[in-house]
1. State which residue pairs qualify: first residue within 16 Å of A:C116 (Cβ to Cβ) and inside the stretch A:86-100, second residue among the polar types (S, T, N, Q) and surrounded by 15 or more Cβ atoms within 10 Å (Cβ to Cβ) in any location, beta carbons under 8 Å apart, and separation of 6 or more residues or different chains.
2. Hey, can you tell me all the residues within the stretch A:144-170 that are within 15 Å of A:P119 (Cα to Cα) and of a type in the set (G, A, S)?
3. When both residues are 6+ apart or on different chains and their Cβ atoms are under 8 Å apart, which pairs have a first residue that lies in the stretch B:57-76 and is in a helix (DSSP H, G or I), and a second that is among the basic types (K, R) and surrounded by fewer than 21 Cβ atoms within 10 Å (Cβ to Cβ)?
4. When the residues of the stretch A:75-107 are filtered to those that are surrounded by 21 or more Cβ atoms within 10 Å (Cβ to Cβ) and more than 12 Å from chain B (Cβ to nearest Cβ), which remaining residue is nearest to A:D164 (Cα to Cα)?
5. Take the residues in the stretch B:42-71 that are surrounded by fewer than 21 Cβ atoms within 10 Å (Cβ to Cβ), within 11 Å of chain A (Cβ to nearest Cβ) and of a type outside the set (S, T, N, Q); name whichever of them is nearest to B:L131 (Cα to Cα).
6. Among the residues of the stretch B:117-155, how many are within 14 Å of another protein chain (Cβ to nearest Cβ) and under 27 Å from B:V66 (Cα atoms)?
7. Quick check on this structure: which one of B:R91, B:R85 is part of a helix (DSSP H, G or I) and in contact with a Ser or Thr (Cβ under 9 Å, 6 or more places away or on another chain)?
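The values are calculated or read from the model by the stated rules, or taken from the named source; none is laboratory data. Computed from a predicted structure; not experimentally measured. Methodologically, a virtual Cβ is constructed for each residue, glycine included, from the backbone with ideal geometry; neighbour enumeration extends over all protein chains shown.
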Amino acid sequence: MRSHIREFDSSTLNESVQNTIMRDLKAVGKKFMHVLYPRKSNTLLRDWDLWGPLILCVTLALMLQRSSIDSEKDGGPQFAEVFVIVWFGAVTITLNSKLLGGNISFFQSLCVLGYCILPLTVAMLVCRLVLLAEPGPINFMVRLFVVIVMFAWSIVASTAFLADSQPPNRKALAIYPVFLFYFVISWMILTFTPQ
Amino acid sequence: MLQQDSNDDTEDVSLFDAEEETTNRPKKSKIRHPVASFFHLFFRVSAIVVYLLCELFSSSFIACMVTIILLLSCDFWAVKNVTGRLMVGLRWWNHIDEDGKSHWVFESRKASAQESKTVSEAESRIFWLGLIACPVLWVIFAFSALFSFRVKWLAVVIMGVVLQGANLYGYIRCKVGSRKNLTNMATSYLGKQFLKQNTGDEQTS
């Protein structure tokens, strides 16, 4: 085991910049695929990275901006608000699962929770497109349906990765904050109006 | 997990020779990786400049915030994965083994006789200067944002402190780790000799 790691060490210390970039990009892309088609996979959790969550968080925050006529107060606080909710929520869930005795590391949990925001980001995109059409109950029903489906997808994806790390009698206790977290984000998406 | 670990027993003596060699070698002062050095400083300094000048250039808070976040992320990735390796031969990362336990790995390149792999003085100075000055500035910005109640900037500033502070901490541990390992090896070598002598005495007496 030690010699395997040492080989890995010396090869990455001298690799070219392009190799590094491609390696990281491929890792991020692979994780996005795993979220879209969730299966139990331990290898995914092992190399965590926070690039995906950062990209998703910035995209979500940008899309949740209200266009205001007054350019001086231009949605600044809401942008920071989304950031704070996502990252603070993820940190809280991670602390909760660690306190419950889970054997997942801090950054792995942040990674999984962040990547599983992908379905909700897609839901936000769809909602914004739907809101370009005329408002009405049908508009709302479509958005509600999309948000509910994506919310369920997020929960399924994250529990596929996180549930194994908890002892069996604590699974529900560890999963319900995840449920709350994605619920808050789905609520923000559903109640979003451009004006 | 430093590379010096691998040749613990056989290289005790040669490591001291290698140390003498580095002091006798003339200090390298040319910059071997100008592009890496440029980018090392570029992302950090432009993040700070954008933060200070955003009020003047653009009335949109969001554009500034997104720009600073992008610059900070690029800087974090570049310093952690590229410039540290090329300029000072240090690297740190997190490795999770099969049991699910996470290990932080701090690696430094062994001092070798090869020309192309030695660390140049100028690059080292640029690297450490950029690495230390910028997080200090971000901490100052954090206090100023807190006390002047510009709280909306606090999220960005805290992100700056965390990302750049993490790189600073990681590289300091790489550097301190490698030096500590040398002194550890020296003391353990001397300690072993001392013990051998003492147990030898005890056996004979």
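1. Pairs that qualify, where the first residue is within 16 Å of A:C116 (Cβ to Cβ) and the partner is among the polar types (S, T, N, Q) and surrounded by 15 or more Cβ atoms within 10 Å (Cβ to Cβ), are A:A90/A:S109; A:I93/A:S109; A:T94/A:S109; A:S97/A:S109; A:S97/A:S165; A:S97/A:Q166.
2. Of everything in the stretch A:144-170, those that are within 15 Å of A:P119 (Cα to Cα) and of a type in the set (G, A, S) turn out to be A:A152, A:S154, A:A157, A:S158, A:A160.
3. B:F61/B:K152
4. By that ranking, first place goes to A:S97.
5. It comes out as B:L70.
6. Of the residues in the stretch B:117-155, the ones within 14 Å of another protein chain (Cβ to nearest Cβ) are B:117-119, B:145, B:149-155.
Filter once more, keeping what is under 27 Å from B:V66 (Cα atoms): B:145, B:149-155.
Residues that pass the stated criteria total 8.
7. Numbers: B:R91 fails: part of a helix (DSSP H, G or I).
The match here is B:R85.
Quick grid of which residues meet (1) farther than 28 Å from A:Q18 by Cβ; (2) over 15 Å from the mean Cα position of the chain (by Cα); (3) of a type outside the set (D, E, K, R):
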| site | (1), (2), (3) |
| --- | --- |
| B:V66 | no, yes, yes |
| B:C74 | no, yes, yes |
| B:E107 | no, no, no |
| B:V136 | yes, yes, yes |
| B:L146 | yes, yes, yes |
| B:R150 | yes, yes, no |
| B:K175 | no, no, no |
